[in-house]
1. Farthest toward the dipole's positive end in the chain, which of SER5, SER18, LEU31, given Cβ charges of +1 (Lys, Arg) and -1 (Asp, Glu) about the Cα centre?
2. Rounded to the nearest whole Å³, what is the per residue volume of the convex hull around the Cα atoms of the chain?
3. Within the chain, report the trypsin sites (Lys or Arg not before Pro) that DSSP leaves as loop and that have at most 11 other Cβ atoms within 10 Å.
Amino acid sequence: MRKVSQIITLLRDADVKSKGVGANQTHADILKELLFKILH
């Protein structure tokens, strides 16, 4: 259950970044970062 809550937090962070808050990244970069964090 701990991993699931971490993934949900990562998804929320990626959502905020995709809306342009606190990050100047492309959508592809945000997705790559999200997948890396989930898998590692």
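1. SER5
2. In the chain, the Cα hull volume divided by residue count equals 54 Å³.
3. Loop-located and lightly packed - LYS19.
Bear in mind these aren't lab numbers, they're just calculated from the coordinates by the rules spelled out. Note that the coordinates shown come from a computational prediction; the quantities given were computed from them, not determined experimentally. As a convention, Cβ positions derive from the backbone with ideal geometry for all residues, glycine included, and neighbour counts pool all protein chains shown.
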